[in-house]
Amino acid sequence: MIALMQLLIKYALFEPFNIDITLNGFGFSLLVIATLCIAAAGNIINDLYDIDTDLINKPNKVIVSKSISEPMAFNLFLVFTIIGVCIGFYLSNLIDKSSFSAIFIFSSALLYLYSTSLKQTILIGNIVVSALVAMSIIIVGLFDLLPVVTPQNQQTQLTVFKILLDYACFAFILNLLREIIKDIEDIEGDTKAGMRTLPVVIGKNRAIKILFGLSLIPLFAVIYYVITYLYKQQIAVGYFLLFVIAPLLYFTIKIFNAKSKKELHHLSNVLKIIMLFGVLSLLLYKFILLN
């Protein structure tokens, strides 16, 4: 999903409109690889520290300690982290923005802290992971748009960057909803592990009601976005109504009375589908901005 999102930003949003860019195909490929390596390392270290809770919450999906050993998992974490950070350092110097290498170092550190401590604190871990998902969108603008901003193209570059920020905010709130759902699903194992996630602290039913309230934010935000910016584009309006707004409305309605783990898992998958269609909507901007 991260790779698809970054590729669509580059080739469906930047290139069709001749936006001034910094990275060629090779440089951009390195950016995607670096982002994926950091994300992979984060997943590995999370699984490594989640073995006990995963054996309770999802025993059939445990990889670390069953398919691969714990030392092997930690070595893979180190390898992916080093590759991601080194590529990030190389790219930052390539575009004469050496300070940007801190993004990769900071992201890796946050993912490690999330796995070891932050996810045990109410909402903090959820917000951190969601912010890093949003950063995987923003980073494309930072590396590809920002270094070539001039007084002549500033307005155009800023307009495109604002589109990226809109998508980053959308990704942040949807991922936050998924993180909370996963916490509700995993309440049994998290309780035994002594974690202080939102459902553990306030209870499953109250957490679901908070989730319902939060789900209204992306729903109304997308409706506002369509009415304000896309109302003249029938294809775009139809796409967002059918593939984004309707599933969001379905999610909001269903989450209010969700009880079982099966229902919650289904709604988590609905959010994945909404995220996918949200990413694919980048293909529409060729028609939207050229009309």
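Read-outs: derived from the displayed coordinates by stated rules, not from any lab. Treat the numbers as computed from the prediction; the structure is a model and nothing was measured. Glycine gets a Cβ as well: all are built from the backbone with ideal geometry, and neighbour counts include every protein chain shown.
Odds and ends about this structure:
- Using a Gaussian network model of the chain in which every pair of alpha carbons under 10 angstrom is joined by a spring, one finds that among 251, 74, 143 the greatest mean-square fluctuation is at 74.
- Projected label distance in nm at residue 63 and residue 148, using a 7 Å step from Cα toward the beta-carbon: 3.6 nm
- Rg over Rh [alpha-carbon atoms, Kirkwood Rh] for the chain: 0.98
- Residues 179, 188 arranged by fewest to most Cβ contacts within 10 Å: 188, 179
- Debye log10 I(q)/I(0) for the stretch 36-79, one point scatterer per Cα, at q = 0.15, 0.16, 0.29, 0.32 Å⁻¹: -0.33, -0.37, -1.02, -1.13
- Residue order for 252, 150, fewest other beta carbons within 10 angstrom first, comes to 150, 252.
- The helix-based estimate of mean residue ellipticity at 222 nm for the chain, built from -39,500 (n - 2.57) per DSSP H run of four or more residues and divided by its residue count, is -23500 deg cm²/dmol to the nearest 500.
- Per residue, the average separation of C-alpha pairs within less than 8 Å and at least 6 apart gives the stretch 2-289 a relative contact order of 22 percent.
- Under the membrane-span-like helix rule (DSSP H runs whose alpha carbons stretch at least 18 Å along the helix axis, mean Kyte-Doolittle hydropathy -0.5 or higher), the chain yields 25-49, 70-94, 101-116, 124-144, 154-185, 204-225, 261-280.
- Spin-label model, residue 70/residue 93: points 7 Å from Cα along the beta carbon direction are separated by 3.7 nm.
- Relative frequency of Cα-Cα separations exceeding 17 Å in the stretch 1-136, percent: 64 percent
- Computed over the stretch 147-260, the Cα gyration tensor eigenvalues convert (square root of 5λ each) into semi-axes of 35, 20, 9 Å, ordered from largest to smallest.
- For the residue pairs 162/262; 10/272; 192/254; 204/272; 192/259, the alpha carbons lie more than 30 Å apart in 162/262.
- Prolate/oblate/rounded call for the stretch 157-202, Cα gyration tensor, a/c under 1.5 rounded: prolate
- Each of 259, 10 has some number of other Cβ atoms within 10 Å of its Cβ, and from fewest to most they run 259, 10.
- Anisotropy class of the stretch 84-189 from Cα gyration tensor, a/c 1.5 cut: oblate
- Quotient of Cα Rg and 2.2 N^0.38 Å for the stretch 93-153, N being how many residues it contains: 1.40
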